[in-house]
Structure formats: C-alpha cells, structure tokens
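Student: Mind having a look at this structure? Questions to follow.
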Amino acid sequence: TAEFVGDSAPLWKGVAAAMGADKLQEAVSQDWSNLLWAAGSLNCSVSPESPLDVTPVVQAAVKAVKAGGFAQAAPQAWSNLMWAVAKLKCTLDPESPVDVSFLLTTVVAAVKAGGSFSNAVPQAWCNLLWSAAKLGCTAAPSSPVDVSSVIAAAVARVQVGGFPQPRPQGWSNLVWAVATMGCNTTPGSPSNVTQLIKAALAAVTSGEFTGALPEDWAGLFWGTATLGCSIKEDSPVDVKPLVQQLVATVEKGGMQAAAAEDWVTLLQSLVQMGCTADLLGAVPTRGSERVSYLVQRAKVSAAGVVGTLGVLGALGDIKAAVALLPHLTHTTKVEGPVLLADAIAGLTPTLAEQLQHAVSLLLPILEAGSPSHTQAQWLLNPIVPIVEVKAEEKVSSQAVPSQEVKVEEKVSDQAVPMLEEKVEEKVEEKQGELQDQAEGTNVEAQA
C-alpha cells in the first residue's frame, strides 16, 4: 500500500541478499514477474542512490530469461514483467546496467510464435504495447527493438473480436501507446491501427469506459487526436460519439478531480480534433473552473494556465477563458503574467475587450514591482500588435457601426498610453535605483 512504501526498503535488501545467496535459483517465471510487478507498484527505483533500488532484481530477472527460465511463461507473466521494467524506467541501452532489450526481444519472439499468446487476455496486450512505447520503441524500422509484429498481432486480435472489455485504463494505454509509437490510420500501411481505434471508441461509447479516471480520458483523447482522427467528414474514425460521451461524463461530474495537465491535454486534443465550444456543452467551463481552483491552491504553474487560456480561446469559449483571468494574481513571478499576457491576444473577440483585459492584467503587475526595462518591454509587446490596425481590419471596420469604432479608439487612445506611462515610470524608478546603488558603491570604493 502507499503507507507501506517508506518501510519496504528492508524487504528489497532482503530480496537482494537472498539472490546473492542463490536462494532464488528455483524461482519460476511467475515468481520473477510478481516480484518486479510489486517493485513497480511500490514505486521502487533502478537508481543506486535510492533506498528502494531494485537494480539487482532487474538484472537477476534478465539473467533468468537468458537461462531459459521464461520458456513456458504465460502471456500475463510476460505482460506484468514488461509493465514493471517500463514503470521502473529501465532502458534499451546495451551500456546501461538496467538494459532490458533481451526481455523485449524475447517477448516479441514469443508473440510471433503464437502459442499461448493466441489466448492472451486484452490487458496483456495493453501492457505489452504500453511498455514498448514507454521504453522508446516505435513503429519505424529504426526502432531499438522491432515491435511491429506485436502491433500487428494486437490489431488482428481486435479484428476477430479478441478484445472483450479491458479496463478503461487498458483502452487508454493502448491508444496512447500506438499513437506514441508513431502508428497511423493510413489504409495499406503496415502500421495502420484504424481497427484498433474503432474498437476502443466503440467500447467507450457502449459504456465500457464507466469509472475511467481523468488521466484515462486525457490519454484516450490525446492518442485519438494524434492519430489524425477528428470531427471532419474525411476523418478515418468518427469521433463525434466519443466527444458526446465525454460531454455527458463531464456534465455528470466525471472530471472533478482532474489535474490541470489532464485538462490541458484534453482541451488541446479537442482543438486538434476540430471541436468548437458549441459542441462541448459544459466541458470548457468545467475545465476553467477546475484550473482556477488549482491555481488558487498553487497546484498549477503559470505555463499550465497559459495552456488552458490558449485552448479555451481556440475553442471559442471566451466566457470560460475570461473567467480564468481573475486568478492570475496567484502567479508571483513576472515571467508567468508575461506569458499569460501573450495568450490574451487571441482570446477576446473585439479590440476593446482585448485591451481592457490586457491593461487590467498588466497594470497591477507594474504596480506590484519594478520590472527591468527588458521585462517592461515584454509586458508591452502583447499589446502592440493589438493596437496596430491592419489593412484588412480597416476594410472590415467600414461595415462596423461608428459607435463601436469610437469605443475601440477610445480604449486604444487611453488604455495603451496609460500602460506605456506606467512602464516608463517603473523603468525610470529602476534606473534611478541602479544609479543610486552605483554611486554608493563608488563612495565606498573611494573611502
């Protein structure tokens, strides 16, 4: 359990001692699989500096495989073993003390041979592909270990109905893995995983994703978007039912505990799929509310807020984006608000609103401190492009009522000079401080 992690170091020292005394010579494949699965689940490490270092256990497992100890291993034993070494952040580097290339090469050969893998449960395939992706394998010929046969075998199993009801995390990991390894949805391609994606999305929309965690939704949508699926007519897979399922889940409170990065990933994927706010119901608003909550508790970086603002703007939900702005005062470093100001330019629909939000954000920052000249210029930079009137804007403005034009001119005439004046004041103050400090240093030197 999580409470036991801090006390597990003596256990692993005992395991290492038992291996040193050759007390594990009779261990079979299931024993090694269980042992490493436990190590991965307890967040052990393969770092010699860690009190939970299990490098000797990994090395012993590799040695057992090389000695033929996994010749009769069941698919689940292989699956758990590979999941564990990936979770432990082992490598496929021959120079590394935790190189597991031989393990992966051996399991690939076992898949090619068929045998017991023809009856492997869905979770075993999910774990195998997830571990291959985490270890750095790809669908390309340059992959450190050729796993194309494993990908092809998984797709073949799906086509014959061999993936009955894996857990939500399994579907998410599976889609994430094939996308990470550079598979595609191109007809005729050896890395075509269209049928696998269709099966995953069908499972989700039929209720098999009930109980999915926020990270499961984020991984599923990221993988689906990365593979080129969208709401467009020419999409290789129709994702509209998937989006509708997400909307229903969010509106029932299904993403209330999501981390900021999961929301950003999810929203970015929706943008990539071509979704807009009118298709997403309460999704953008819930994302804004959750990120706002986490910002107030210092559980999200300025970059995370920037990412959220950017995708909310891209989705066209200005209301949800603007609702996030009052919480920017919780970012304490100048760099955070500067990045946020850069994001504002694309959020609001009119020049007047853009300037109002930018000025209301940046003036308090200038009041709170004395940014250097360079930092002050960064603060101004997002405003300058907004004030500049482009040729096409001049043409379009002829069709805009004169009253609206006057409002925009009034904001641009008053707000920006006010901001520039504040910047100049702060720069002058900073220069005066630096000059006083320099004079004081010279007096000390003369004395």
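Student: Suppose R0 equals 22 Å. What FRET efficiency, 1/(1 + (r/R0)^6) with r the Cβ-Cβ distance, do S118 and A202 give to the nearest 0.05? Please report the intermediate quantities before stating the final value.
Tutor: Values: r = 23 Å, r/R0 = 1.04.
Computed FRET efficiency for S118 and A202 comes out at 0.45.
Student: Rounded, prolate or oblate: pick one for the range 156-222, where a ≥ b ≥ c are the square roots of the eigenvalues of its C-alpha gyration tensor, a/c under 1.5 means rounded, and failing that, prolate if a/b is larger than b/c, else oblate. Before the final figure, lay out each step's value.
Tutor: Numbers: a/c = 2.33, a/b = 1.38, b/c = 1.69.
Cα axes put the range 156-222 in the oblate bin.
Student: Assuming R0 = 60 Å, what is the FRET efficiency of A9 and E233, from their Cβ-Cβ distance, to the nearest 0.05? Kindly include the intermediate steps, with their values, before the conclusion.
Tutor: Numbers: r = 57 Å, r/R0 = 0.96.
My answer for the efficiency is 0.55.
Student: In whole Hz, what ³J(HN,Hα) sequence does the range 249-261 give by Karplus (6.51, -1.76, 1.60; θ = phi - 60°), x for Gly and Pro?
Tutor: 5, 5, 5, 8, x, x, 10, 4, 9, 5, 6, 4, 5
Student: Continuing with the same structure: May I have the count of lysine pairs in the range 121-265 with C-alpha atoms under 20 Å apart, counting pairs 8 or more residues apart or located on different chains?
Tutor: Working: K198/K232; K198/K240; K232/K240; K240/K252.
Lysine pair count for the range 121-265: 4.
Student: Apply 1/(1 + (r/R0)^6) to the Cβ-Cβ distance of T276 and S142, taking R0 = 35 Å, and write down the FRET efficiency to the nearest 0.05. Write down the numbers at each step before the final one.
Tutor: Values: r = 38 Å, r/R0 = 1.09.
According to the calculation, E is roughly 0.40.
Student: Based on the Cα coordinates of the range 81-195, what is the per residue volume of their convex hull in Å³? Walk me through the numbers on the way to the answer.
Tutor: Values: hull volume 11.2 nm³, N = 115.
Expressed per residue, the convex hull around the Cα atoms of the range 81-195 is 97 Å³.
Student: What ranking, highest mean first, results for peptides 54-67, 283-296 when packing means the other Cβ atoms within 10 Å averaged over each residue?
Tutor: On the way: 54-67: 19.1, 283-296: 21.4.
Going from most to least packed, we get 283-296, 54-67.
Student: Please compute the contact order of the range 36-117 in relative form: average sequence separation of alpha-carbon pairs under 8 Å and at least six residues apart, divided by the residue count, as a percent.
Tutor: Working: 80 pairs, mean separation 26.1, N = 82.
32 percent.
Student: Can you send over the solvent-accessible area of D93, 1.4 Å probe, protein chains only, in Å² to the nearest 10?
Tutor: Answer for D93: close to 70 Å² accessible.
Student: Which ³J(HN,Hα) values in Hz, rounded to whole numbers, follow from the phi angles of the range 197-206 under the Karplus curve 6.51 cos²θ - 1.76 cosθ + 1.60, where θ = phi - 60° and Gly and Pro get x?
Tutor: In residue order, the calculated couplings are 5, 4, 5, 5, 5, 5, 5, 5, 6, 9 Hz.
Student: Could you sort the peptides 151-158, 221-228 by per-residue average Cβ neighbour count (10 Å cutoff), highest mean leading?
Tutor: Numbers: 151-158: 20.0, 221-228: 22.6.
Ranked by mean Cβ neighbours within 10 Å, highest first: 221-228, 151-158.
Student: What number comes out for the charge environment of K198, summing +1 per Lys or Arg and -1 per Asp or Glu over other residues with Cβ under 15 Å away?
Tutor: Numbers: positive: R157, K240; negative: E208, D238.
So the environment of K198 carries a net charge of 0.
Student: Okay, next question. Ranking request for peptides 9-18, 198-207: highest mean number of other beta-carbon atoms within 10 Å first, then the rest in descending order. It would help to have the intermediate numbers written out before the result.
Tutor: Numbers: 9-18: 14.1, 198-207: 17.9.
Result, highest mean first: 198-207, 9-18.
The values are calculated or read from the model by the stated rules, or taken from the named source; none is laboratory data. These numbers were taken from a predicted model, which means no experiment stands behind them. Here the Cβ is made from the backbone with ideal geometry for all residues, glycine too, and neighbour counts use every protein chain on show. When the accessible area is computed, the model is the full protein with side chains, heavy atoms only, and any ligands, DNA or RNA have been set aside. Shrake-Rupley method; radii C 1.70, N 1.55, O 1.52, S 1.80 Å.
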